[in-house]
Amino acid sequence: MNFTIKEAAQLIGGKICGDENISISKVARIEEALKGELTFLYHPTYEKYYPSTKASVILVKPDFKKTRDDITYIEVESPDKAFGKIIIKYFTPDFNLNGINDLAFIHNDALIGKGISLGMNVVISAGCKIGNNVKIFHNTVLLENVEVGDDTIMYQNVSIREKCRIGERVLIHSGVVIGSDGFGFNPDEKGIYQKVPQIGNVIIEDDVELGANTTIDRAAVGSTIIGCRTKIDNLVQIGHNVVVGEDTVISAQCGISGSTKIGSNCILAGQVGVGGHLEIVDKVVILGKTGVTKSLTEEGYYYGYPVKKMRIAHRLEAHIRNLPDYSERIKKIENEIKKMKDQLLQKTTH
């Protein structure tokens, strides 16, 4: 799609410095952008690419020092967010899935809304309720009594087990499994693990996004719940009876054990592991590779294993890095003490 810089500036509320009639057909990263393409610059790390970029247009902050007159600039307060608006407006993929494929299966007892699209080998089981304008891509299976809200999109190879509920405008990427059995086993008198039936479900609330190959276990009893507008990255494991609040972000390879409650507006960076039966309050940020072994009752930044407030963790890390120096200093002090003791012993023996 082609658009003019004037149109883009009106969309994002930006100020043009340069030729407002330039036509753009593509966007790119600043280090890869070519003539006729639009890019953005918001972080000092990428300013090194500015002198050599071939981009025709760059989104920049108002205070950016413009040293090249062969580029048109659009000044905005948040170039990254403005860039996102342009992508949504002009470059959102046109899903080539319309209507119901002949190879899709819809049970007679299922209720199907208006304007839905189903790909090849999609299975809609008995008792399912599918809202309006839902798109379900190839090889996706919904077992009995699954509910899906309006305008939700499921990509290929998604599996949703019985009785789970998906809200409106949810985006589910390939390979997601919702409602698989929670990890529930109890040893009998012989020490043999016996399976505990998992009879609950999963509730995904409105405007949630689930990354590829993420798995969310059904509750043993009750519901595993993902709150509104929460965004979950690829390869995340969420255990049974977990409750995640609203507007929380969970990055790739995180694992959350059963019955843990995570608040709203939290951030879990990559490879965070959270133990079971814990509570994390609202507005907690947990840095990558942290192991959460206790409940976090105060908002703020956390890091390390076992988890600590970030300022404490950084102090400990600094001491760890200095251990070789500490060791040498301790040896030196020990030698000096030994020398003093020897001298004192010599004086007392004379």
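Every read-out reported here was derived from the displayed coordinates using simple, explicitly stated rules and does not represent laboratory data. Quantities reported herein were computed from a predicted structural model and do not represent experimental measurements. Methodologically, a virtual Cβ is constructed for each residue, glycine included, from the backbone with ideal geometry; neighbour enumeration extends over all protein chains shown.
List of remarks:
- The residues packed around Ile226, meaning those with a beta-carbon under 11 Å from its beta-carbon, carry a net charge of -2 if Lys and Arg are +1 and Asp and Glu are -1.
- Burial ranking of peptide ranges 216-222, 122-128 (average Cβ count within 10 Å, highest at the top): 216-222, 122-128
- What you get for the chain, charging only the Cβ of Lys and Arg (+1) and of Asp and Glu (-1), is a dipole of about 1580 debye around the Cα centre.
- Mean Cα-pair separation over length for the stretch 1-131, i.e. relative contact order, pairs under 8 Å, 6 or more apart, %: 18 percent
- Restriction of the trypsin sites (Lys or Arg not before Pro) in the stretch 79-160 to DSSP coil positions whose beta-carbon has at most 16 other beta-carbons within 10 angstrom yields Lys114.
- A helix-only calculation puts the chain at -5500 deg cm²/dmol for mean residue ellipticity at 222 nm, using -39500 (n - 2.57) for each DSSP H run of at least four residues, averaged over all residues.
- The GNM of the chain, with springs linking C-alpha atoms under 10 angstrom apart, assigns the highest mean-square fluctuation among Lys190, Lys261, Lys308 to Lys190.
- Largest GNM mean-square fluctuation across Thr260, Thr72, Thr214, computed for the chain with C-alpha springs under 10 Å, falls on Thr72.
- Label-to-label distance, nm, for residues given as Glu298 and Asn21 (7 Å Cα→Cβ offset): 6.2 nm
- Each residue, Lys85 and Val249, gets one label point 7 Å from its Cα in the Cβ direction; the gap between the two is 1.9 nm.
- In the elastic network of the chain, a GNM with C-alpha springs shorter than 10 Å, the most mobile of Ile238, Ile226, Ile199 is Ile199.
- A cut-off under 15 angstrom between Cβ atoms defines the neighbours of Asn108, and their net charge, with Lys, Arg +1 and Asp, Glu -1, is -1.
- Full extension of the chain between Phe105 and Lys66 gives 8.2 nm of extra length, using 0.36 nm per residue less the Cα-Cα distance.
- Modelled label positions at Asn186 and Lys289, each set 7 Å beyond Cα in the direction of Cβ, lie 3.9 nm from each other.
- Antiparallel DSSP beta bridges within the chain, as percent of all bridges there, nearest 5: 15 percent
- Greater than 29 Å apart at Cα, pairs in Lys15/Lys54; Lys129/Lys231; Lys35/Lys135; Lys61/Lys308; Lys35/Lys61; Lys81/Lys294: Lys35/Lys135; Lys61/Lys308; Lys81/Lys294
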